[in-house]
Amino acid sequence: MRHILLTLFFISSISFAQDFAKHVNPFIGTGGHGHTFPGATVPYGMVQLSPDTRIDGSWDGCSGYHYSDNLIYGFSHTHLNGTGVSDYGDIMLMPTMGEPSFDNNVYSSPFSHTNEKASAGFYAVKLDKHNIDVRLSTSTRVGFHEYTFNTSGQANIILDLNHRDKLLEGEVRIIDTKTIEILRRSEAWATNQYVYARIEFNVPLKVNLKRGKNKPENLLTGEEVAISFSKQVKKDEKILIKVTLSPTSYEGAKLNSSEIKHWNFEKVKKDAEALWNKELSKIEVTSNDKDKLAIFYTALYHTMMQPNIAQDLDGKYRGRDNKIHTAEGFDYYTVFSLWDTFRAAHPLYTLIDKKRTSDYINTFLKQYEQGGRLPVWELASNETDCMIGYHSVSVIADAMVKGIKGFDYEKAYEASKASAMRDVLGLKAYKENGFISMDDDHESVSKTVEYAYDDWCIAQMAHLLNKNEDYNSFMKRSQSWKNLFDWETGFIRPKKNGGWEKPFDPREVNNNFTEGNAWQYTFFVPQDILGMIQAYGGNEKIE
């Protein structure tokens, strides 16, 4: 076996002399079942500007891109990283030559990976159909495009709002020959997502094709909306485009556009790399193995692609009640994949990003105030209710016991307790009987043990806040895993009609578990490791 020496340093006094971003390979995870995208983004940015090679919503197309593909449909400004459900792909642009078309089989282009590059904050590709070179970079809220047309003729910029998910409401406002405004309201995993955008061209372009209701002349609306802009170009001529996003309004998009006040692509790229180096330098790893460095820093990079900032520069954001609010004293975020992230990503954030941890929790609390509960899997101001547990409380408890400040501990406890006292998703039976049976709800085993862990987290909050009665109550609930532990077989397993479900195979993946089986979920007792060892009969037996 080859032994690799990895040395990690958590840096409190950050130096940017080292180039950590050079180790990032955004193509890692874009093949297989990785569900990542290779496009340009900055840490926790609102914009994820990336090519779309999949538009069918397939499982391996969740991020919009798969490395096995050889056709690009366009470049859109929002993408999900590592999820198991498809969404985003908002505000898609595609450069073409010749006669424009809104048929994506026509405006799409083949490409080759040999003509594709990606690094932290940067993406480039050659579109083979019309010999167009594309370079992309971003700030937090602005996507920056550079298109080089390598042949002379009519250049087109296609904007197709009917891209990927279902368009509920589309609007294109033509402000002048260099500026347009867009509303895209869509439905997919997030059932009511709002994206406003402001598109600015560095040269005047004329409209040459429209789809949608066109009254008055400068406004396109409807559920089928697309528009094409054109210009006669000389060989090697460039067109630069800035696309600014806002979750709130056209005014918000205009304000956010001030993030990039120039047309210097290299400066945008350099600024994006600087932002990545600032974040990645929080952990310094030294090794002589470049592959190990690429694996480590790309993994760290992936943890910093989300959650995403979801407020305008003036603090305005779209709340869980679909109303516009202003964040005061914190930054508002979105994309909280909590079942996936409470185990490792959020504990990492508490070590290297205490300010954002506090911001995340303040976001949770605003969603509790505006939507009546803490987030489970929040996306674009929508609650998807995907996966199980109420793992916001794990994030909150972890921050509290580590002494992270900047949020209201009493309010956080109130919201956490409220989540645990609901009568949905098997909780009523869990509270009454100490476990969830197959008769009560699906995924009964996983829900029981994950609720028990979350209850232990709430107990730790109660202890910190001297709420002794609640502490004792939630500590008792945290022992509920024992009610599904079979002392004879040594497995946590499902119950039905008061007894064990038979036949039982601990290797079987079925509807009683969430993406797992009894072998895996039996060991999900992080709140009571010693109790689990005792249940097995001691150290030797559990080994």
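Based on the Kirkwood radius over alpha-carbon pairs, what is the Stokes-Einstein translational diffusion coefficient of the chain at 25 °C with 0.890 mPa s viscosity, in µm²/s?
Using the Kirkwood radius from Cα pairs, D works out to 98 µm²/s.
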Check your understanding: Separation between the residue 295 and residue 313 pseudo-spin-labels, each 7 Å from Cα along Cα→Cβ, expressed in nm?
Key -> 4.2 nm
Review point. Roughly how many whole Å is it from the C-alpha centroid of region 143-187 to that of region 307-346?
Key: 26 Å
Study note, to complete from the structure: The rounded separation in angstrom of the Cα centers of region 99-133 and region 219-294 is 17 Å
Study note, to complete from the structure: Rounded to the angstrom and largest first, Cα extents along the principal axes for region 360-493 equal 48, 34, 22
Review point. Gain in length, residue 169 to residue 224, computed as 0.36 nm per residue apart minus the alpha-carbon separation, to one decimal in nm?
Key: 19.0 nm
Review point. At a Förster distance of 45 Å, what's the computed FRET efficiency of residue 539 paired with residue 251, Cβ-Cβ distance as r, to 0.05?
Key: 0.10
Point to revise | Quarter of the Cα convex hull surface for region 150-297, i.e. its orientation-mean projected area (nm²) | key: 12.4 nm²
Point to revise | Per residue solvent-accessible surface (Å²) - the chain, probe of 1.4 Å | key: 42 Å²
Practice item. For a label point 7 Å from the Cα of residue 508 along Cα→C-beta, name the residues of region 431-455 whose backbone N is under 15 Å from it. Key: 438-439, 443-445
Exercise for review: Please arrange 224, 501 by accessible surface area, largest first, computed with a 1.4 Å probe and ligands excluded.
Suggested key: 224, 501
Check your understanding: Can you list the aspartates and glutamates whose alpha carbon is less than 17 Å from that of residue 166, not counting same-chain residues fewer than 8 positions off?
Key -> 52, 56, 87, 90, 103, 187, 223, 224
Check your understanding: Between residue 418 and residue 267, what is the FRET efficiency for a Förster distance of 30 Å, r being their Cβ-Cβ separation, to the nearest 0.05?
Key -> 0.05
**Study point:** 31 Å Cα-Cα threshold exceeded, pairs from 282/366; 215/267; 366/447; 411/447; 117/405; 428/502
**Key:** 215/267; 117/405
Point to revise | Share of carbon and sulfur in the accessible heavy-atom surface of the chain [1.4 Å probe, %] | key: 50 percent
Review point. Probe 1.4 Å, all protein chains in place: accessible area of residue 278 in Å², nearest 10?
Key: 100 Å²
Study note, to complete from the structure: Residues whose modelled amide H sits under 5 Å from the amide H of residue 486, counting only those 5 or more places away in sequence or on another chain, are 491, 492, 493
Check your understanding: At residue 433 and residue 58, where each label point lies 7 Å from the Cα along Cα→Cβ, what is the point-to-point distance in nanometres?
Key -> 4.2 nm
Review point. Between region 405-441 and region 479-523, what is the C-alpha centre distance in whole Å?
Key: 21 Å
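The values are calculated or read from the model by the stated rules, or taken from the named source; none is laboratory data. These figures come from a predicted structure and were not determined experimentally. Note: ideal-geometry Cβ built from the backbone for every residue, glycine included; neighbour counts use all protein chains shown. Only protein heavy atoms, including side chains, enter the accessible area calculation; ligands, DNA and RNA are left aside. Shrake-Rupley method; radii C 1.70, N 1.55, O 1.52, S 1.80 Å.
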